[in-house]
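Asker: Quick one: structure below, then a few questions.
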Amino acid sequence: MPQQPVDPWTAFLNWLQTILVPDWTGLINLLPILLILGVVGPGLSLLALYWMYVRVKTKRGKVKTAEPSPEPAQMTADGTLIYPPNVPYCQTHALLYPATYRECEIDGEELMVRCPVDETVRVAAQQLCRTCGTRYQLGASLAPIVIRRQGRPPAGGAAIA
């Protein structure tokens, strides 16, 4: 028996019925997913946008590091050089070196160190003072950090920035 053609009006009403009268069981099963997409998703999006806004607007200082370099020794009024204790120095060139140095950069001469306990002078490579017996470890940090200043605060002080 041949199928009867479906009336277009009836087909439209059947299709309209699926939209107007939904499958409530299926929709209730989708409720957790809709809750996550509708409430938690926009909340996380707003939180991420706020985090990016704060990250862009926050001014951050940039720290530039430099290698420690030798500095000239200070001189008193009568012309004698001041060599602080526990700081390697080169007597020939009157330079104070960072604690990790053991030889002069200019001529390769051994650096000297003054003991803070009894003021005797010893070679920087020696960790033991032969006079008082005190043991020192110069340059305990093998990665000294020197912060290089760049620029100045704006006119009127840092409070304006």
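The values are calculated or read from the model by the stated rules, or taken from the named source; none is laboratory data. All values derive from a computational prediction rather than experimental measurement. Counting neighbours? That spans all protein chains shown, and the Cβs are built from the backbone with ideal geometry, glycine included.
Asker: Is there any pair with a first residue in the stretch 52-68 that is farther than 30 Å from residue 97 by Cα and a second that is assigned to a loop (DSSP other than H, G, I, E, B) and at pLDDT below 70 whose Cβ atoms are under 8 Å apart and which are 6 or more apart or on different chains, and what are they?
Answerer: Listed by first residue and then by second, the contacts come to 59/161.
Asker: When you go through (1) farther than 30 Å from residue 127 by Cα; (2) not in a helix (DSSP H, G or I) one by one for residue 30, which number turns out not to apply?
Answerer: (2)
Asker: Condition first: under 21 Å from residue 98 (Cβ atoms) and of a type outside the set (A, V, I, L, M). Now tell me which residues in the stretch 113-133 satisfy that.
Answerer: Answer for the stretch 113-133, where residues must be under 21 Å from residue 98 (Cβ atoms) and of a type outside the set (A, V, I, L, M): 114, 115, 116, 122, 126, 127, 129.
Asker: What are the residues in the stretch 88-103 that are within 33 Å of the chain's Cα centre (by Cα) and surrounded by 18 or more Cβ atoms within 10 Å (Cβ to Cβ), if any?
Answerer: Passing the criteria: 88, 89, 95, 96, 97, 99, 101.
Asker: Out of the residues in the stretch 41-86 that are modelled with pLDDT of 85 or more and among the polar types (S, T, N, Q), which is farthest from the chain's Cα centre (by Cα)?
Answerer: Filtering the stretch 41-86 for residues that are modelled with pLDDT of 85 or more and among the polar types (S, T, N, Q), the one farthest from the chain's Cα centre (by Cα) comes out as 80.
Asker: Checking the structure you have, find out if any residue of the stretch 17-38 is at pLDDT 85 or above, of a type in the set (Ser, Thr, Tyr) and surrounded by fewer than 10 Cβ atoms within 10 Å (Cβ to Cβ).
Answerer: Yes, the stretch 17-38 contains a residue that is at pLDDT 85 or above, of a type in the set (Ser, Thr, Tyr) and surrounded by fewer than 10 Cβ atoms within 10 Å (Cβ to Cβ).
Asker: May I ask you to say which residue of 79, 38 is assigned to a loop (DSSP other than H, G, I, E, B) and without any contact (Cβ under 8 Å) to a residue 24 or more places away in the chain?
Answerer: 79
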